[in-house]
1. What's the longest uninterrupted piece of the chain once you rule out the GluC sites (Glu not before Pro) that are loop residues per DSSP with at most 15 other Cβ within 10 Å?
2. Using a 1.4 angstrom probe on the protein heavy atoms only, line up Lys7, Lys122 by accessible area, largest first.
3. I'd like the carbon and sulfur percentage of the solvent accessible area for region 1-85, probe radius 1.4 Å, heavy atoms only, ligands and nucleic acids excluded.
4. Determine the distance separating the Cα centre of region 117-163 from the Cα centre of region 44-69; give it in Å without decimals.
5. Taking the Cβ of Gln143 as the center, what net charge do the other residues with Cβ under 12 Å away carry, scoring Lys and Arg +1 and Asp and Glu -1?
6. Taking the simple approach of a point 7 Å from Cα along Cα-to-Cβ for both Arg31 and Glu134, what is their distance in nm?
7. Which order, highest average first, do 44-51, 112-119 follow once you tally other Cβ atoms within 10 Å for each residue and take the mean per peptide?
8. Taking semi-axes √(5λ) of the Cα gyration tensor in Å as the quantity of interest, determine which of (i) 24, 21, 13; (ii) 57, 16, 11; (iii) 28, 18, 15 was computed from the displayed structure.
Amino acid sequence: MTQTMQKQILVAGIGNAWLRDDGFGGEVVKRLEGRELPSGVSVMDFGTGGLDLAYEVMRGYDALILIDISRQGGEPGTLYIMEPDEDDIAAGIEDGEMLDPHGMEPQTVLRFVRAVGGWPGKVIVIACEPAEVEEMGLGLSDQVSAAVDRAVELVESTCTSSL
């Protein structure tokens, strides 16, 4: 009798809750924590701890779902699904290049993970167009807050589909 290995999926919320809409990833993760997700799915809020995220990814996940904001030019609250390919991420970290372990955005995290050979099988970024991130403050804008439940549904459907 052969036993198939269960896929391990990391859902990672990232962003700074002190910069209004940049707290989107953390809010999505907070709502996911109370939901019934498939076995093998781990949900974590990494805040601005990009290096912590990189080390966690290197544990060997089959898939990584990053939840963040992204300025793409759409209306605030617009959700984007992006699937970066390993070949599309710049390889390596240049000798002497400084990395801020508290300020690693998804692109830098993925560069670091690729550089050390820890790339997960599939990477999906679910991002929201922000309205307010320049000013310090707590709480999401109305447009981004309205997108949180849609993002939760996207994560759930992505986790249950064949990743």
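The values are calculated or read from the model by the stated rules, or taken from the named source; none is laboratory data. In this text the structure is predicted, and so the values were computed from the model without any measurement. When we count neighbours, we look across all protein chains shown, and the Cβ atoms used for this are built from the backbone with ideal geometry, even at glycine. Please note that ligands, DNA and RNA were not included when accessible areas were found on the heavy atoms of the full protein model with its side chains. Shrake-Rupley method; radii C 1.70, N 1.55, O 1.52, S 1.80 Å.
1. Values: sites that count: Glu33, Glu36, Glu94, Glu97, Glu134, Glu135.
Value returned for the longest uninterrupted segment is 37-93.
2. Greatest to least solvent exposure: Lys7, Lys122.
3. Details: 2180 of 4620 Å².
It is 47 percent, rounded to a whole number.
4. Here the answer is 13 Å between Cα centres.
5. Details: positive: Arg20, Arg150; negative: Asp21, Glu75, Glu129, Glu132, Asp142.
Summing Lys/Arg as +1 and Asp/Glu as -1 gives -3.
6. So the two model labels end up 2.7 nm from each other.
7. 44-51, 112-119
8. Evaluating semi-axes √(5λ) of the Cα gyration tensor in Å on these atoms matches (i).
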